[in-house]
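J.: Pasting in a structure now, in structure tokens, and then I'll have a few things to ask.
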Amino acid sequence: MKQQSDRQFYRIVLALWLASIRTSAESLLQLINDIPDMSKIEAGVVDLRPEPTDLREICDFVRVRFAQAARKNIRLPRPNR
């Protein structure tokens, strides 16, 4: 009985760990994909295409990233006002 409970616990931990790895990989891929866009912006050759955006989703994403940084004692720069 205890072995089964331990296995279930480790499966849950593994699933959480894999979800974290996936999220990190997706964030890194997005960062890598943004590099050519930054080059275009710097070169003044930008092609903007308006598209529907979920502002709540963006805010949630930013809030989660700041919380992750805080848990890891990473200080993110704040814009000057």
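What follows draws every value from the coordinates through simple rules; no lab data is involved. Computed from a predicted structure; not experimentally measured. Positions of Cβ are generated from backbone atoms using ideal geometry, with glycine treated the same way; all protein chains shown enter the neighbour counts.
J.: Going by the conditions given, is residue 56 basic (Lys, Arg) and within 11 Å of the chain's Cα centre (by Cα)?
T.: Criteria not met by residue 56.
J.: Tally up the residues in region 9-43 that are more than 15 Å from residue 65 (Cα to Cα), among the polar types (S, T, N, Q) and surrounded by 10 or more Cβ atoms within 10 Å (Cβ to Cβ), please.
T.: Result for region 9-43: 1.
J.: While we're looking at this one, here's another question. Can you run down the residue pairs with Cβ atoms below 8 Å, 6 or more apart or on separate chains, where the first is in region 55-78 and loosely packed, with under 10 Cβ neighbours inside 10 Å and the partner is small (Gly, Ala, Ser) and in a helix (DSSP H, G or I)?
T.: Short answer, once both residue conditions are applied: 75/69; 76/69.
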